[in-house]
Amino acid sequence: MKPFKKISRRNFVAGAATIAGSAAVLHRLSAQVQNAASDQPDGTNVAAKVEKASTPQNLPPAEPGKDYNPVITPNGSTLPWKVVDGVKVYHLIAQQVPNHEFAPGLVANCWGFNGQVHGPTIEAVEGDRVRIYVTNQLPAPTAIHWHGIFLPNGMDGVSGLTQKPIDPGDTFKYEFTLKQHGTHMYHSHHDEMTQMALGLMGLFVIHPRNPKSPRPDRDFAFMLSEWKIIPGTSRPDPNEMTDFNVFTLNAKVFPATAPMVAKLGQRVRIRYCNLSAMDHHPMHLHGVNFKVTGTDGGQIPESAQQVETTVLVQVGSTRTIDFVADAPGDWPLHCHMTHHTMNQMGHNFPNLIGVDKTGLDKKLRRFIPGYMTMGEAGMGDMGEMGMPAPKNSLPMVGGPGPFAYIGMGGMFTTLKVREGITDYEDPGWYKHPPGTVADVASDDDLKRDGIQLPTDSRETASLRPVSSEPWCGIPPAKPPTLARNEVTSRNMVR
Ligand SMILES: [Cu+2]
């Protein structure tokens, strides 16, 4: 008798997959034969798209204020343009930008456009025809790529592949019609590692000609980037692969990042573009939730728009978020990677959390002038104390805030939402209505709510009384922040 061939589950699944696969192939072939218009998510087919790309439909140049609400580039600017025979004409000049200031205390010799780092934002509207001249004043050839924009292949700006490099002194002309809307970028596509590490990039915002949803009242755009600038030097190091130490929003770090200002109830759009060399940035906004409405690939259909408070902006991509500013206050916007909200000096310290280092710095400074160890209770106070730092470098963290020093630097800024403002000048710090700020709990509160405090002694570095030893090599300007209420002091060992 012929042995019965057992059909295992695996065999069965594989066999079924083969049959299903063949059916799928047949179906695909038949679909291709019928030239079904279903190979693009928007229902158009490739052939139609190619035709569209070669027959541009120019529309009259759109006007700011009338056809769109202009984008705001905090700490940056928008590239001026003029209309010549129905074409919007722009001129970018790639050049060295000496002494670009990341924040007071740190300048570096960067590369940028039209005297600024990063380049000014190019802004246009779907249907506009644009002609962009690029003059190269750099000491090296370059080429400019228009990231995510549909254009003829020869306008794509890839040195060697789609065009000759733009030699120093030469001016190239790029010209195309904008067939889409969204958040895009431009950047060097020649010796990319070096030229982008030095800052050769900018934003390219295309507004919709006929938006399906209401226009945003406030439309902000940020380029996220990262740099390696060794403290005391002034030239970003393009060879760095992992250990970046300056993380920027529009080439600035907090406290030099300009706040975004909005009136209560306004529709706000924020566009993030990430051209960091190696790092993705999860951008977190406090106080509201938002919808992610677009990428550099275009508008996200409403049914697929996620509600978030953090959006990951990976390298080489853009994310557009929309929300209504419905809560007054000063709301942080920052990268949620904690090392990306530290400035230069926050890296590569030995871990001394919980270590009593009394006297250590003093002894070591006999041999290493200016030596300083990490704080024994963390880094929170170190920016404020003005640690001795090399010339042309930034302290580890932050800047002054209305209640205390803000312990975040780098990719950090604020969204200031206000009722009753008449302009968008920085309104200063938010004035909180009485009773709406967290503060030390009173004994009455604790008693009423039956809060039992620990009775064991809790001597920790952060609660230990200040010693006469100066912190960070300088006498403290004021005693370190200790818990102020009676309850805590009752539990302190003195
Ligand atoms: Cu980040």
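The numbers here are math on the coordinates, done by the rules we state, and not lab data. Please read these numbers as outputs of a predicted model, since none were measured by experiment. All Cβ positions, even for glycine, are placed from backbone atoms using ideal geometry, and neighbour counts span all protein chains on display.
What to note about this one:
- For the pair residue 170 and residue 286, a Förster radius of 60 Å applied to the C-beta separation gives a FRET efficiency near 0.80, rounded to the nearest 0.05.
- Net length gained if the chain between residue 235 and residue 431 were fully extended (0.36 nm per residue, minus Cα distance): 66.5 nm
- As a proxy for reagent exposure, 331, 429 were ordered by neighbouring Cβ count within 10 angstrom, fewest first; the result is 429, 331.
- Amide H contacts for residue 294 (H built 1.01 Å from N in the peptide plane; partners 5 or more residues away or on another chain; cut-off under 5 Å): 300, 320.
- Taking θ as phi - 60° and the Karplus parameters 6.51, -1.76 and 1.60, the scalar couplings of the stretch 429-435 work out to 6, 5, 9, 6, x, x, x Hz in sequence order, x denoting glycine and proline.
- Sequence-distant residues sharing a close amide H with residue 189 (under 5 Å, placed H): 143, 144, 145, 159
- Quotient of C-alpha Rg and 2.2 N^0.38 Å, computed over the stretch 82-338: 1.01
- With a cut-off of 10 Å between beta carbons, the residues surrounding residue 181 carry a summed charge of +1, where Lys and Arg count +1 and Asp and Glu -1.
- Available extension along the chain between residue 264 and residue 83 is 61.6 nm, counting 0.36 nm per residue and deducting the alpha carbon span.
- Amide hydrogen neighbours beyond the local backbone of residue 219, cut-off 5 Å, H modeled: 72, 269
- FRET efficiency for the pair residue 99 and residue 140, taken as 1/(1 + (r/R0)^6) with r the Cβ-Cβ distance and R0 = 25 Å, rounds to 0.80.
- Other residues within the sphere of radius under 13 Å centred on the Cβ of residue 116, judged by their own Cβ, net out at 0 (K and R +1, D and E -1).
- Shown for 97, 107: other C-beta atoms within 10 Å of each C-beta, ranked fewest to most, produce the order 107, 97.
- Other residues with beta-carbon under 15 Å from the beta-carbon of residue 315 carry, at +1 per Lys or Arg and -1 per Asp or Glu, a net charge of -4.
- Cβ-Cβ distance of residue 193 and residue 448, R₀ of 51 Å, FRET efficiency by 1/(1 + (r/R0)^6): the value works out to about 0.25.
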